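These notes concern the structure reproduced below.
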């Protein structure tokens, strides 16, 4: 790894639920780890689905402990069964953080500061290269913490009739965070999820999103796939559950596309 390189932090955000944020965090993280990156997923959703989806059921500590300053990320971080992929798990205690911190000083920067402390203690040769923050399905204090900590936002967008509904609000929020809290924040890309090739609606949504957002939309499209839907109940990323299925292959392509965008950005 180049000495000038630091870990890249992505927030996976969309205030709509059921669009594939957690599935994308788990499987993009797994695919990045499979090609040699050292990846940390930060579960910032009180439901803890990313934690469950990675087979982490016992959680003595969580992101709530990190945000309140009780513990550093290094003390909460758990290695998963995927080599090169670790997790900061979430519990329902995150709800208390949001309730109790609404007027606290520096509340927007708790996650940013915790990540900075982690990275400053790591070596450049063996430290984390990508951090993926799985945000809750709302534009609340937890999501603001993620956006304030991130270099860029990755937006999962379901191929459904109302796909673009609410996206303008998310993009407006990202711009507001960029102006007020995090000047480096950008939109890395939009990934279309749950594509159903049997319906003309999916094709129409793809065309509409690409027309509105242009090259911000990744070329890779994640198909609706039963193996992707099944894998979280087994606590396993789909790449381990069924490597050959269309969903696994799509996430491998997405990881390659993310890496390629990163290379172009560094070269610019």
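We did not get these values from a lab; they are worked out from the coordinates using the rules stated. Please read all numbers here as calculations on a predicted model, not as lab measurements. Don't worry about glycine lacking a Cβ; one is built from the backbone with ideal geometry, like all the others, and counts go over all protein chains shown.
Before moving on, here are some points about what is shown:
- Rounded Å value of the spacing that divides the Cα centres of region 12-44 and region 98-160: 13 Å
- The simple Förster model, with R0 at 22 Å and r as the Cβ-Cβ distance, assigns residue 120 and residue 184 a FRET efficiency of 0.80.
- Nearest 10 degrees, 0 to 90: helix 110-121 Cα axis against the chain principal axis: 80 degrees
- Structure remark: mean-square fluctuation, Gaussian network model of the chain, C-alpha springs under 10 Å; the largest value among 197, 169, 15 belongs to 197.
- Residue separation of residue 103 and residue 211 scaled by 0.36 nm, minus their Cα-Cα distance, works out to 34.8 nm of gained length.
- For the chain, the relative contact order works out to 25 percent when only alpha carbon pairs closer than 8 Å and six or more residues apart are counted.
- Helix-derived mean residue ellipticity, 222 nm - over the chain, DSSP H n ≥ 4, -39500 (n - 2.57), to 500: -12500 deg cm²/dmol
- This structure gives Cα extents along the principal axes in Å, computed directly, and of [x] 52, 45, 40; [y] 51, 39, 38; [z] 72, 48, 36 that value is listed as [y].
- The packing ranking of peptides 234-240, 200-206, 23-29, 146-152, highest mean first, is 23-29, 146-152, 234-240, 200-206, where packing means the average number of other beta carbon atoms within 10 angstrom of each residue.
- Between 0 and 90°, nearest 10: helix 200-213 axis offset from the chain longest Cα axis: 60 degrees
- Using a simple spin-label model with pseudo-atoms 7 Å out from Cα toward Cβ, residue 229 and residue 164 lie 2.7 nm apart.
- Efficiency of FRET between residue 253 and residue 113 - r from beta-carbon atoms, R0 22 angstrom, step 0.05: 0.05
- Considering only 54, 170, 87, the Gaussian network model of the chain with Cα springs below 10 Å gives its largest mean-square fluctuation to 170.
- For 95, 141, 157, order by how many other beta-carbon atoms lie within 10 Å, fewest first: 95, 141, 157
- Rounded to the nearest 5, the antiparallel percentage of DSSP beta bridges internal to the chain is 5%.
- Degrees between helix 246-267 axis and first principal axis of the chain (Cα, 0 to 90, nearest 10): 60 degrees
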